[in-house]
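Scroll down for the structure; my scribbles are underneath it.
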Amino acid sequence: MQTVIYYGPWQCNATYMAQCESRCAREGHALLGCIWLADIKGDWTGRFLGLPAKAGTRYAVKHCCCSYPEVSSAEELRRFWDNARRTFRRGWAEEFGAWPQSGGRNWPGHHIHDLLHGGAPVARSNVLPVPEDVHKLLNDAYPACYSRDPRWLSIGPEKPYVD
């Protein structure tokens, strides 16, 4: 199995925008925007019934900027993450391999559902390792998404990159 992660941020395509709209509505909120954070591509090559075989899959990581209120405990959630980060990365490594690094430094863990709007600080499905430069881009995009910036309310291409 070979895994490749393509990092955004990109505008959500029509399918992801509709999924976000439904999710926000189910939770009693309005959709303010949608950010496609990353696309995880998995390719498998092996044998099936003795014959050569190939298969693949994709998983989009996106954030729905719903009209969530800002939480007053964001700093507390941040401290919780800071204290749990090392343990979280060890657990990640057991399942997915070593936490990515560049230049001997661990990549930041990006909270998909951000802490300011009530995201879970150590939920495995809420933290994605991202390179530092990408983390800055994502963190800059979130306030724009929550403020109904047209870029994050506009529908983007079906797939914003070529692999």
Q | Which listed residue is open to solvent by 80 Å² or more (accessible area, probe 1.4 Å) and more than 21 Å from residue 24 (Cβ to Cβ), from 88, 96 | A | 96
**Q.** Filter result for residue 54 (touching a residue at least 12 places away in the same chain (Cβ under 8 Å), touching a strand residue (DSSP E or B) at 6+ places or on another chain (Cβ under 7 Å) and among the basic types (Lys, Arg))
**A.** no
Q.
Here are the criteria: (1) assigned to a strand (DSSP E or B); (2) modelled with pLDDT of 95 or more; (3) in contact with an Asp or Glu (Cβ under 6 Å, 6 or more places away or on another chain). Tell me which single one residue 56 does not satisfy.
A. (2)
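Does at least one position in the range 127-138 carry a residue that is of a type in the set (Val, Ile, Thr), in contact with a helix residue (DSSP H, G or I) (Cβ under 7 Å, 6 or more places away or on another chain), modelled with pLDDT of 95 or more and open to solvent by less than 40 Å² (accessible area, probe 1.4 Å)?
First, the residues of the range 127-138 that are of a type in the set (Val, Ile, Thr): 127, 130, 134.
Narrowing the set further to residues that are in contact with a helix residue (DSSP H, G or I) (Cβ under 7 Å, 6 or more places away or on another chain) leaves 127, 130.
Imposing the further condition that a residue be modelled with pLDDT of 95 or more reduces the set to 127, 130.
Retained after the next criterion (residues that are open to solvent by less than 40 Å² (accessible area, probe 1.4 Å)): 127, 130.
Checked against the condition, which is being of a type in the set (Val, Ile, Thr), in contact with a helix residue (DSSP H, G or I) (Cβ under 7 Å, 6 or more places away or on another chain), modelled with pLDDT of 95 or more and open to solvent by less than 40 Å² (accessible area, probe 1.4 Å), the range 127-138 yields at least one hit.
From the list 75, 21, which one is surrounded by 13 or more Cβ atoms within 10 Å (Cβ to Cβ) and either out of contact with any Asp or Glu (no Cβ under 6 Å at 6 or more places or on another chain) or farther than 18 Å from residue 156 by Cα (or both)? Talk me through it step by step, then tell me what you get.
Details: 75 fails: surrounded by 13 or more Cβ atoms within 10 Å (Cβ to Cβ).
Being surrounded by 13 or more Cβ atoms within 10 Å (Cβ to Cβ) and either out of contact with any Asp or Glu (no Cβ under 6 Å at 6 or more places or on another chain) or farther than 18 Å from residue 156 by Cα (or both) holds for just one of 75, 21, which is 21.
The values are calculated or read from the model by the stated rules, or taken from the named source; none is laboratory data. This structure is a prediction, so every number in the text was calculated from the model and none was measured. Note that each Cβ is placed from the backbone with ideal geometry, even for glycine, and that neighbours are counted across all protein chains shown. Remember, those area values only see protein heavy atoms, side chains included, never the ligands or the DNA or RNA. Shrake-Rupley method; radii C 1.70, N 1.55, O 1.52, S 1.80 Å.
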